[in-house]
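Have a look at the structure below, then the notes.
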Amino acid sequence: MNRKTISVACVIIGFVFFSLGTGFADEPKKILCLEAYDMLNTVPDTYLIDVRTRAEYQLVGHPINAYLFPYMFMSTRLKKNSETYTYGINVKNRAFVAEIAKVFKKTDNLLIISRDGWRSALAAKELIDAGFKKTYNVENGFEGPLFPFFKDSNKQKFYRQLAKRNKINGFNHRRHYGWQWWGLPWTYEIDPKFVYPPDLRPSKKK
């Protein structure tokens with residue numbers, strides 16, 4: 001084997017090992033709420049972070065001992081979505097990562113939960129990119145996606161059409177999946193230890 005062949009082989013091997021070493025950290029690992037609850041009970045330095053809005057955390061409820069760090073805030077503008085009107089949850093919290101970094105270490109296991117896994121996926125990816133390499137996305141969320149739900153887009157469209165046409169009980173409602181559906185511990189009570197830290201800081205005098 002000549003020197004050129006050896007050099008090429010070394011480059012390829014090095015690239016493979018580099019890819020293996022960094023590829024895992026590029027995306028947060030997806031887990032279900034039951035796995036998250038088990039980790040909280042068995043794995044040291046594991047914390048559950050609720051990235052929903054303050055209103056959801058208080059009025060819909062939240063997992064016991066879940067830290068509130070909103071990834072997005074609720075808009076004050078009313079918008080029409082298909083046949084319904086909603087207040088969008090689309091105002092990005094620009095201090096999200098900075099506030100997380102004040103409380104947690106980059107070696108901690110951070111389990112990120114939202115309503116149905118959408119916001120938590122975005123938040124978890126942002127934390128991964130910021131160096132929190134042990135970040136997990138609780139993909140079925142606190143309330144879960146709208147019923148019925150399938151990851152396969154064709155099944156999703158087909159069965160939702162059937163459920164709507166046949167007026168299936170629970171159609172387009174939540175709590176058929178997720179933390180609450182599994183009967184995992186949750187509460188409406190607010191513990192200052194777990195609320196969004198800036199909410200506890202004295203307001204600046206004008």
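Loop-only check: which trypsin sites (Lys or Arg not before Pro) in segment 19-101 are DSSP coil with at most 12 other Cβ within 10 angstrom?
ARG94
Please report the projected area of segment 43-91's Cα convex hull averaged over all directions, in nm². Write out the running numbers ahead of the final one.
Values: hull surface 18.2 nm².
Over all viewing directions, segment 43-91 projects a mean Cα-hull area of 4.6 nm².
Counting other Cβ atoms within 10 Å of each Cβ, which GluC sites (Glu not before Pro) in segment 50-102 have at most 11 and sit in a DSSP loop? Kindly include the intermediate steps, with their values, before the conclusion.
Values: sites: GLU56, GLU83, GLU99; in loops: GLU83.
Sites meeting the loop and neighbour criteria: GLU83.
Can you give me the pair-distance distribution of segment 38-125, C-alpha pairs, 10 Å bins, whole percents?
16, 46, 28, 8, 2
Read-outs throughout are calculated quantities, based only on the coordinates presented, and are distinct from any laboratory measurement. Because the structure is predicted, anything quoted here is derived from the model rather than measured. Backbone-built Cβ (ideal geometry, glycine too); neighbour counts: all protein chains shown.
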